[in-house]
Amino acid sequence: MELVGSPMSVTRVHPRPAPTNLLPTISTMASSYKNQFPYYPLPQSFTLPWLPSSYYRTAAIHPALAPFSSSARGLAPSKMLPFVSNRSTLFTRYSPDDWYRSNLTNYRESETSRHNSENLRVDTSRLIQDKHQQTKKTQTESTKNLGERVNDIEFWRSELCHELDEMIGETNALTDMKKRLERALAETEAPLQVAQECLLHREKRMGIDLVHDNVEKQLFTEVDVIRSCQDRMQRYLDRAKAQLASNRAAQQELERDLADKQKAHRIDSKCHHLRNTSDGISFYRGVERVDATISVPESWAKFTDDNILRSQSERAASAKLREDIENLLVVSANEMWNQFNAVNVAFTNRIAETTDAKNKIQTHLAKTLQEIFEIEMSIEAIRKAIRDKVPPLKVAQTRLDERTRRPNVELCRDSVQLRLINEVHELDETIQSLQQRLRDAEDTLQTLVRSKAVLEHDLAVKANSLFIDQEKCMGMRRSFPSTARLVGFV
């Protein structure tokens, strides 16, 4: 009997049958080894990155087997192993030490992998927490800065609103004063015309009445006083128009700045209230590299402050101009009234031929006034029609604007799109035609108003002529404008 694992020294032609009390057959022993060291070859495509590579290196070793064929060259017949089915000895591929060393190597590599994985997990968890805290802190600071910015905008917006209200009030006050000055200037036309008419008619005197008396001297003085007042009023009227233009320019700057502040306040307030769970947040690649700013906080605050200072300066100049105009109106009214009282004399000689003309003028004036009322009602109806067309136009344009946001191929030029475009064009044409009709009506109204003014002026002239004829200008002198009208009221 040979030792287990050693080759047989003698080859028998007819091998003896193995005793039944000796080692089991090769197949039985092979099955017992299979149960202790399983080996399942893995396919090439089935990769397991978490397994150590040493397993594959160990499994890839192919043991060198002794040749079983008698045709093997270089071996003596006595050194050749018998065929597997004929041998009764155990043939091993590895030693037990190799087996234990392979297991220990796998254990160590498994422990190392687990240790590295555990360290990576701990570091990853700490990194996630650190980055989360840093992100939260940065977002909190940005939100705080946005809140401070909103407060700054709110402060300057309140300052702009206050100054804008003051400027609007001052502009309205100066506008009212300008209207008073215009009315006062217009009111001086009648006294001037009366004085000139009186001088003209006194030139028609005949005989002994054609004298250069004190009345005629006072009439010339009255004409000079009225014209002097008109010149001063016209100069102040030009100053008021220029000041109104400056006020409106300052007001426009305030309104533009206020509109920008309101828009910026709305945007920054929206940004201030944005959270990680808010709707509407999205990616905007490369937006952090875009720098569209045109100011810094110092220039931003100085811009608004300069607008407010300019508005305050214009308001002060406007208030001073209103005070000067008020003084001018009072002084001019006193001068004209004093001169009127000095030349208030009686005149004679005017005939009744102006009565019929006066009555006809009054009739035409009444018809003109009625037509003015009718055309004003028509103008209001046209304006209402234009206003009624604005909401449909807004609806059509809003629909077109909303439909431009359809995605991709849904942006179709369908019948709805064509009809909406036609609707916008039709509404534009309708509004343009109504506006043209409104301009025509307004031109007609202006013509009627001018005709009314001409008729009133002619009526005043005829009335003055009648007064000159009947009472020698005494009635005309009694119709001198009141102090309230000379200072621009009523």
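Peptide packing for 193-199, 119-125 was compared via the average number of neighbouring C-beta atoms within 10 Å per residue; ordered from the highest value, the list is 193-199, 119-125. When peptides 95-108, 219-232 are ranked by their average number of other Cβ atoms within 10 Å per residue, the highest-first order is 219-232, 95-108. The slack in the chain from Glu335 to Gln133, taken as 0.36 nm per residue of separation less the alpha-carbon distance, amounts to 64.4 nm. Using the Cα gyration tensor of the range 239-379, with a ≥ b ≥ c the square roots of its eigenvalues, what is the shape: rounded (a/c below 1.5), prolate (a/b larger than b/c) or oblate (neither)? Oblate, since a/c reaches 1.5 and b/c is not below a/b.
Distance between the pseudo-spin-label points of Ala342 and Gln417 (7 Å out from Cα toward the beta carbon): 8.3 nm.
Solvent-accessible surface (1.4 Å probe) assigned to Cys161 amounts to roughly 50 Å².
If I take R0 = 41 Å and measure r between the Cβ atoms of Arg227 and Asp428 in this structure, what FRET efficiency does the formula 1/(1 + (r/R0)^6) give, to the nearest 0.05? Here the calculated transfer efficiency is 0.20.
Cβ-Cβ distance of Glu298 and Asn276, R₀ of 41 Å, FRET efficiency by 1/(1 + (r/R0)^6): the value works out to about 0.80.
Say the cut-off is 22 Å between C-alpha atoms; which of Lys178/Lys384; Lys179/Lys241; Lys179/Lys320; Lys137/Lys302 go over it? Before the final figure, lay out the partial values.
Details: Lys178/Lys384 30 Å; Lys179/Lys241 11 Å; Lys179/Lys320 17 Å; Lys137/Lys302 32 Å.
Flagged as over cut-off: Lys178/Lys384; Lys137/Lys302.
Which order do Asp176, Asp257 take when ranked by solvent-accessible area (1.4 Å probe, heavy atoms of all protein chains), largest first? Don't skip to the end; give the middle numbers.
On the way: Asp176 85, Asp257 5 Å².
So, going from the largest accessible area down, we get Asp176, Asp257.
Toward the positive end of the charge dipole of the range 295-411, with +1 on the Cβ of Lys and Arg and -1 on the Cβ of Asp and Glu, the farthest Cα among Ala366, Ala342, Thr355 is that of Ala366.
The values are calculated or read from the model by the stated rules, or taken from the named source; none is laboratory data. Treat the numbers as computed from the prediction; the structure is a model and nothing was measured. Counting neighbours? That spans all protein chains shown, and the Cβs are built from the backbone with ideal geometry, glycine included. We work out accessible area using only protein heavy atoms, side chains counted, and drop any ligands, DNA or RNA first. Shrake-Rupley method; radii C 1.70, N 1.55, O 1.52, S 1.80 Å.
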